[in-house]
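Engineer: Below is one structure. I have some questions about it.
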Amino acid sequence: MPNIKIFSGSSHPDLGQKISDRLGLELGKVVTKKFSNQETCVEIGESVRGEDVYIVQSGCGEINDNLMELLIMINACKIASASRVTAVIPCFPYARQDKKDKGFFDIPVDNLYAEPAVLKWIKENINEWKNCTIVSPDAGGAKRVTSIADRLNVDFALIHKERKKANEVDRMVLVGDVKDRVAILVDDMADTCGTICHAADKLVSAGATKVYAILTHGIFSGPAITRINNACFEAVVVTNTIPQEDKMKHCSKIQVIDISMILAEAIRRTHNGESVSYLFSHVPL
Amino acid sequence: MNVAKSGYRVFSANSTAASTELAKKITERLGVDLGKSVVYQESNRETRVDVKESVRGQTIFIIQTVPRDVNTAIMELLVMAYALKTSCAKNIIGVIPYFPYSKQCKMRKRGSIVCKLLASMLAKAGLTHIITMDLHQKEIQGFFSFPVDNLRASPFLLQYIQEEVPDYRNAIIVAKSPSAAKRAQSYAERLRLGLAVMHGEAQCSESDMADGRHSPPCVRNTSGHPGLELPLMMAKEKPPITVVGDVGGRIAIIVDDIIDDVEDFVAAAEILKERGAYKIYIMATHGLLSADAPRLIEESAIDEVVVTNTVPHEVQKLQCPKIKTVDVSMILAEAIRRIHNGESMAYLFRNITVDD
């Protein structure tokens, strides 16, 4: 493919490499370092004049540093006369403080979905998938969960917090049936994992035979890993929007779904001016 | 003081206790309380800012010092400024004594002019005015779309020299490299002392590499068109370090705006000692003192390093007793007071020469 360059920031170089491998390209040369006063310095190592540039940087780890690095890389490419600069941000930071909807941006946003990859994983890895229940750990995820349940043609359930009296701690109530079934918890992100671990306990006491958790972004900060190790999950599955090698060393329950092909395909289609909406319901091979 | 009537509030956007020291000193001098807010990092390293009082229709000053974690400090400032903007503050004035990324203000090969990027980000976040001190390059003021007040620390450092350096009349002001000569000369003029300039190999650091591309090129590229014979540029010769000016039998005072990586300073001090200086001081506005700086200073020929409290450096001071601090909260507080009252700031610049 002519006129395209892909650069990876330092937040997730592995994903950047996977994406460029799928596209049959070499990753662009860029040097990112920090001066001794901790200021970020970026130098693009090849010409980007007139090129369609894609920068892969995920909002994980030291978020402010990675964000600054991304901004500086974008700025450097623009000053070096790139024809178009697109940021590929698998896990968008500060998403819980604002909304990441299209209306909040002045520039085009393509919000891809991990759903097709999740569906594929469920069918390939959970034997009893035809008789499972998809569960949302909170009321906000109901839409996400019903979408998956419909495509698999299975039931869904959700857990919602109920406060009986003003000073009482929230009680978690299961709405739906999981008795003698495999329960699959689905959510968009897992940070400290307090919610999903409580949910797992709830599901087991309601009669679920096995509990899986499938989460798009596995942030896993603070006590998350300890909580997962102590909880009764069969497996905790995340995508590789955030690097997981370190976490997997401390927790054998974590498995990773590779979504580099979705991102690579999105980049290819955007570069060629094709429609990206095909990716909203299909996983490229 | 009746807070409600004063019509302005002062917030600090730093999250660590060491960084809020300067803000506390400034608010003490102004006789106001620091605005109530909570700034912290969540467990997933996202910055969170909560402003705990109403700021509607008020003029807000945000004091932000820049500690080790530069990018987080920038994010804290941006998030707080935006929070105040969306809460209907009338004016938001950033008090950023040390302005970060000011060394990345020139185009370097395929780099980014981060300073300009930062200026655009601050404007977008809602700042309407900035007070800073001793900008690395005065031209940075041009990157901003709103007013920038570039205060000077030199009156404080000059006062320190006159009061704390015994026998200062036998001193000579030294510029560590030709680029620092203008500032050194302005100090020398005001103290009525001599000037010396150092020049040579160790000095060839980033300041000379402003644009890695030379036109015409220094090296002949094989990928050029045959027949296009451009004359080559002469590569710079790197002479050994020399001192232009006589430092024999004098106190040498090296003057600079930022002291960060101290290798250059240590090397300069060695040379000055060899040439006969019997005491060596370093005066710098912003004491970043990164990495191994305290240890290197302690082991070197430098007698004292004097910096202001624009950048928190308590940890470095514990490791190296040669480091002394000059408090500049007075001028920052005075600037805040004058801006709020709409008074002239000219008085704060009365003793500043054109090269400072």
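The values are calculated or read from the model by the stated rules, or taken from the named source; none is laboratory data. What you are looking at is a predicted structure, and each value in this text was computed from that prediction instead of being measured. Virtual Cβ from ideal backbone geometry, glycine too; neighbours counted across all protein chains shown.
Engineer: Confirm whether A:Lys249 is at pLDDT below 95 and under 27 Å from A:Arg151 (Cβ atoms). Full working, then the answer.
Structural biologist: Numbers: at pLDDT below 95: yes; under 27 Å from A:Arg151 (Cβ atoms): no.
Here the answer is no, as A:Lys249 does not meet what is asked.
Engineer: Please indicate, with yes or no, whether at least one residue in region B:126-136 is assigned to a helix (DSSP H, G or I), in contact with a strand residue (DSSP E or B) (Cβ under 9 Å, 6 or more places away or on another chain) and not aliphatic (A, V, I, L, M).
Structural biologist: no
Engineer: Quick check on my filter: what residues within region B:106-134 are surrounded by fewer than 21 Cβ atoms within 10 Å (Cβ to Cβ), of a type in the set (A, V, I, L, M) and closer than 24 Å to B:Ala180 by Cα?
Structural biologist: Hits for region B:106-134 are B:Met107, B:Ile113.
Engineer: Residues A:Ile55, A:Ile63, A:Ile72, A:Ile44: which one is over 23 Å from A:Ile4 (Cα atoms), in contact (Cβ under 8 Å) with a residue 12 or more places away in the chain and crowded, with 22+ Cβ neighbours inside 10 Å?
Structural biologist: Exactly one residue qualifies, and that residue is A:Ile63.
Engineer: OK, next. Criterion first (part of a helix (DSSP H, G or I) and either out of contact with any His (no Cβ under 8 Å at 6 or more places or on another chain) or in the same structural domain as A:Ser8 (by the TED database) (or both)) does A:Leu263 satisfy it? I'd like the intermediate steps shown before the answer.
Structural biologist: Values: part of a helix (DSSP H, G or I): yes; either out of contact with any His (no Cβ under 8 Å at 6 or more places or on another chain) or in the same structural domain as A:Ser8 (by the TED database) (or both): yes.
When the stated conditions are applied, A:Leu263 passes them.
Engineer: Same structure again: Restricting to region A:1-49, name every residue that is assigned to a loop (DSSP other than H, G, I, E, B), within 14 Å of another protein chain (Cβ to nearest Cβ) and within 20 Å of B:Lys109 (Cβ to Cβ).
Structural biologist: Across region A:1-49, the qualifying residues are A:Gly9, A:Ser10, A:Gly28, A:Lys29, A:Phe35, A:Glu39, A:Gly45, A:Glu46, A:Ser47, A:Val48, A:Arg49.
Condition check ((1) assigned to a helix (DSSP H, G or I); (2) in the same structural domain as A:Lys202 (by the TED database); (3) surrounded by 15 or more Cβ atoms within 10 Å (Cβ to Cβ)) across all residues:
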{"site": "A:Val118", "(1), (2), (3)": "yes, yes, yes"}
{"site": "A:Trp121", "(1), (2), (3)": "yes, yes, yes"}
{"site": "A:Asn127", "(1), (2), (3)": "no, yes, no"}
{"site": "A:Lys130", "(1), (2), (3)": "yes, yes, no"}
{"site": "A:Ile134", "(1), (2), (3)": "no, yes, yes"}
{"site": "A:Gly140", "(1), (2), (3)": "yes, yes, no"}
{"site": "A:Arg144", "(1), (2), (3)": "yes, yes, yes"}
{"site": "A:Asp150", "(1), (2), (3)": "yes, yes, no"}
{"site": "A:Phe156", "(1), (2), (3)": "no, yes, yes"}
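Engineer: Which of the following residues is within 17 Å of the chain's Cα centre (by Cα), crowded, with 21+ Cβ neighbours inside 10 Å and within 14 Å of chain A (Cβ to nearest Cβ): B:Phe99, B:Phe143?
Structural biologist: B:Phe99
Engineer: Among B:Pro240, B:Pro312, which is touching an Asp or Glu at 6+ places or on another chain (Cβ under 8 Å), surrounded by fewer than 17 Cβ atoms within 10 Å (Cβ to Cβ) and not polar (S, T, N, Q)?
Structural biologist: The unique qualifying residue is B:Pro240.
Engineer: Same structure, new question: Within region B:36-50, track down each residue that is more than 9 Å from chain A (Cβ to nearest Cβ) and buried (at least 20 other Cβ atoms within 10 Å of the Cβ).
Structural biologist: B:Val39, B:Val49
Engineer: May I ask you to say which residue of B:His214, B:His225 is surrounded by fewer than 16 Cβ atoms within 10 Å (Cβ to Cβ), farther than 30 Å from B:Ser120 by Cβ and at pLDDT below 90? If you could, list the steps in order and put the result at the bottom.
Structural biologist: Details: B:His214 fails: farther than 30 Å from B:Ser120 by Cβ.
Every option except B:His225 fails the conditions.
Engineer: Of the conditions (1) assigned to a loop (DSSP other than H, G, I, E, B); (2) buried (at least 19 other Cβ atoms within 10 Å of the Cβ), A:Gly207 clears all except one; give me its number.
Structural biologist: All conditions pass for A:Gly207, except number (2).
Engineer: Does A:Asp187 satisfy being assigned to a loop (DSSP other than H, G, I, E, B) and within 19 Å of A:Val154 (Cβ to Cβ)?
Structural biologist: Working: assigned to a loop (DSSP other than H, G, I, E, B): no; within 19 Å of A:Val154 (Cβ to Cβ): yes.
Spelling it out, it is not the case that A:Asp187 is assigned to a loop (DSSP other than H, G, I, E, B) and within 19 Å of A:Val154 (Cβ to Cβ).
Engineer: Could you tell me whether region B:20-29 includes any residue that is buried (at least 17 other Cβ atoms within 10 Å of the Cβ) and either outside the structural domain of B:Asn91 (by the TED database) or out of contact with any Ser or Thr (no Cβ under 9 Å at 6 or more places or on another chain) (or both)?
Structural biologist: no
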